[in-house]
Amino acid sequence: MIPLEETDIRTKELIMTADKYILPVYARPPMVLDHGKGAWVWDIAGQKYLDFTAGIAVNALGHGDEGVVEVMRTQASKILHASNVYHNEWAPPLASLLVTLTQAEGGLGYPANNPAPSPAPGAKVFFANSGSEANEGALKVARKVGKSRGPADGSKSEIVSFESSFHGRTLGSLSVTNNAKYQDPFRPLLPGVKVGKVNKTTGAELEELVNENTCAVILEPIQGEGGVNAADVAWVEKLVTRAREVGAIVIFDEIQCGLYRTGSLWAHSTWPISCQPDIVTMAKPLANGYPIGAVMMRDAVAEVMTAGTHGTTFGGGPLACAVGYHVLSRLSERAFVSHLMETSTYLLGRLEKLSAWYPELVAPKIRGRGMILGLVFKREGDPGRLVELARERGVLLLTAGKDCVRLVPSLNITQAEAGQAVDVIESCLSVME
Ligand SMILES: Cc1ncc(COP(=O)(O)O)c(C=O)c1O
């Protein structure tokens with residue numbers, strides 16, 4: 001064991017080196033993570049933390065999962081990368097698993113808990129390396145569909161996104177991420193992006209927003225970064241109906257809320273078919289932290305994409321897809337999902353008590369569902385203060401939007417871990433009060 005004094009020096013040295021050589025685009029606390037196991041992480045000074053951030057909704061199976069490690073070891077020793085010039089052993093099974101699970105559990109136009117008609121309409125997957133890149137792919141597909149459906153002048157090219165959305169940092173995905181702080185320094189962005197309000201833009205405003213020139217509508221069923229804001233099914237139905245009227249592609253960004261985080265495969269899996277998208281994007285938990293992203297689309301949309309129309313060097317590589325296949329197989333086990341929902345019910349119950357006990361600080365309604373939950377604060381600055389106080393007491397949390405603390409732990413946390421996190425949050429609230 002390294003003496004505390006020395007490790008403190010090591011922490012300082014690393015942070016100073018980071019300050020000197022790493023582009024300062026992140027504001028990070030003064031700690032250096034060393035390793036993790038399950039829902040726990042340790043820094044290089046030996047301090048232990050209960051991780052309710054899970055790498056920003058990524059480590060669905062927790063840290064240091066032995067199954068994931070074994071798949072990585074085996075696959076890395078076989079073949080790591082060979083490019084998309086060739087097929088590999090794992091991209092086809094992972095794409096097939098994504099489509100067949102969606103057909104069985106609902107989403108992308110397939111009904112939930114209801115076997116899809118036989119033969120079921122097909123779907124195709126494009127593999128990328130991140131969430132932003134998945135959204136870029138989805139927007140490009142929608143643009144191409146717009147060209148094939150719209151007039152020859154290419155005017156069916158506008159994209160509709162929503163206030164407080166987060167779709168990524170690349171120029172295309174940033175253009176649909178309606179947040180001045182992220183967008184303003186980089187203007188001009190993609191032209192033809194129009195912005196609506198989730199659950200609010202209806203009637204004539206909706207008709208103006210989504211019109212004949214619209215090729216794509218992109219929506220997070222539950223906004224993550226924006227503050228754990230869920231879209232109402234009744235409003236989504238109006239939005240999707242309008243998009244269908246004008247022949248616009250509906251993209252659901254399930255990068256943060258998808259892949260069982262809400263307790264179903266997709267946050268929209270249980271929604272009526274009339275509220276379902278043409279394209280779903282995913283990333284974060286698919287390989288439990290190994291970089292991967294994917295775009296899944298209905299065959300009717302996929303048919304515009306032919307050889308050479310899109311691509312990437314690393315996407316769909318054998319290592320990422322082998323891990324993805326392993327992770328998705330485990331997440332989709334019934335026992336895994338029911339454990340997640342039981343823990344979520346317990347966590348939600350405990351969080352609801354906090355709002356009753358600290359009414360001056362915490363708003364009554366907990367946002368989100370499953371393992372994407374938001375504790376809403378009444379006073380500006382309190383979310384950041386709670387995150388700091390909780391970290392000092394050994395629990396890692398995230399803020400979201402202006403008023404919210406986001407809980408996105410690993411999907412397999414125990415009830416005892418959920419209880420421990422809430423105990424610490426409560427002790428912080430009593431300090432804040
Ligand atoms: C909903 C959503 N979309 C897109 C992204 C961007 O993903 P990435 O950071 O992997 O590019 C994020 C990241 O937080 C996200 O939450």
Could you tell me what fraction of 2.2 N^0.38 Å the Cα radius of gyration of the chain comes to, as a two-decimal ratio?
0.99
If you place +1 on the Cβ of every Lys and Arg and -1 on the Cβ of every Asp and Glu, how big does the dipole about the Cα centre of segment 74-331 come out, in debye to the nearest 20?
380 debye
Projected area, mean over directions - segment 95-192, Cα convex hull, nm²:
8.2 nm²
Take V58, V301 and order them by how many other Cβ atoms sit within 10 Å, fewest up front.
V58, V301
Rank-order 287-299, 165-177 by packing density, defined as the average count of other C-beta atoms within 10 Å over each peptide's residues, highest first.
287-299, 165-177
Anything over 26 Å Cα to Cα? Flag those among K200/K402; K353/K402; K238/K378, in the order listed.
K238/K378
Rounded to the nearest whole Å³, what is the per residue volume of the convex hull around the Cα atoms of segment 74-331?
130 Å³
What area, in nm² and to one decimal, does the C-alpha convex hull of segment 335-377 cast on average over all directions?
2.6 nm²
In whole Å, largest first, the alpha carbons of segment 295-362 cover along the principal axes 59, 29, 25
Using only the alpha carbons of segment 7-80, determine the length spanned along each of the three principal axes and report them from longest to shortest in whole angstroms.
38, 29, 24
Is the shape of segment 139-224 best called rounded, prolate or oblate, per the rule: a/c under 1.5 gives rounded, else a/b larger than b/c gives prolate, else oblate, with a ≥ b ≥ c the square roots of the Cα gyration tensor eigenvalues?
oblate
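A short reminder: the numbers here are calculations on the coordinates, not readings from a lab. This structure is a prediction, so every number in the text was calculated from the model and none was measured. Here the Cβ is made from the backbone with ideal geometry for all residues, glycine too, and neighbour counts use every protein chain on show.
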